[in-house]
Amino acid sequence: MEIREYHSSDEVGWLRCRALSFLHTAYYDNVLREKEHYKNPSIELIAIEDGIVVGLLDIEYEKEELTVCSRGSGLGGMIWHVAVHPDYQRMGIGNKLLYEAEKIAKQKGLNRLEAWTRDDQWVQNWYEKNGFNKVDSYLHVFMDGEQELKGYVQSSFPKLYPVQAFAHYVGEEKEALKKQFKRVHECVCYEKMLK
């Protein structure tokens, strides 16, 4: 297996790997048609096996404090995407990508990494096993259909009827909200200090 920098010619493989790896997670419907490009500098790595993109990791990093990350002091990097193709999971590919990314991040003067993920326990376990600490959270709330939207979302434009909505909840009544809507995910922030 080869770990190397991402090139634009890898885009289709990157998209396929990401889509397939997200299918069995809380991000199952977060499908991209183009690879994200970053406003700030980035570390973009892929793992290649048998000519296929089997893993990926993207970190956008700061040149100025708190321009990419949501917390901390010094320069940090935000892990926007980390994924391993389902046929290649449990082989240490994610760990190898993270290890290589951390080496590069340290060379660039970053003192920490930050990542936000939803409430898939196995994903959270992976972050924790790799030295990340849970430091914050809020809720992702999906509202679907007339009953869930009623009283929360409405249109002032004639004959425009909302059917779905997505919202962030940063309040204290998380359990009440979880009972109100069918699909609610805790969005968790993990942070790792780089030594």
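Tabulated data for the structure shown
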item	result
Test for Leu177: is it aliphatic (A, V, I, L, M), out of contact with any Cys (no Cβ under 8 Å at 6 or more places or on another chain) and more than 21 Å from Arg118 (Cβ to Cβ)	no
Filtered residues of the range 104-122 (kept if under 15 Å from the mean Cα position of the chain (by Cα), within 20 Å of Met193 (Cβ to Cβ) and open to solvent by less than 30 Å² (accessible area, probe 1.4 Å))	Leu113, Glu114, Ala115, Thr117
Residues of the range 37-61 satisfying the condition of being in contact (Cβ under 8 Å) with a residue 24 or more places away in the chain, under 19 Å from Ala115 (Cα atoms) and either surrounded by fewer than 18 Cβ atoms within 10 Å (Cβ to Cβ) or polar (S, T, N, Q) (or both)	Tyr38, Asn40, Pro41
Residue in the range 84-102 that is open to solvent by less than 60 Å² (accessible area, probe 1.4 Å), within 20 Å of Ile43 (Cα to Cα) and among the aromatic types (Phe, Trp, Tyr) present	no
Filtered residues of the range 148-180 (kept if over 20 Å from Asp29 (Cβ atoms) and charged (D, E, K, R))	Lys150, Lys159, Glu172, Glu173, Lys174, Glu175, Lys179
Boolean, Glu34 is surrounded by fewer than 16 Cβ atoms within 10 Å (Cβ to Cβ), out of contact with any Leu (no Cβ under 8 Å at 6 or more places or on another chain) and more than 24 Å from Lys108 (Cβ to Cβ)	no
Per-region count, the range 92-127, residues closer than 21 Å to Leu66 by Cα and either in a strand (DSSP E or B) or at pLDDT below 95 (or both)	6
Qualifying positions in the range 148-161 - within 25 Å of Arg118 (Cα to Cα) and not aliphatic (A, V, I, L, M)	Glu148, Tyr152
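The values are calculated or read from the model by the stated rules, or taken from the named source; none is laboratory data. Predicted model, so just to flag it, every value in this text is computed and none were measured. Cβ sites come from the backbone with ideal geometry, for glycine too, and all protein chains shown count toward neighbours. Protein only, heavy atoms only, side chains kept; ligands, DNA and RNA dropped before computing areas. Shrake-Rupley method; radii C 1.70, N 1.55, O 1.52, S 1.80 Å.
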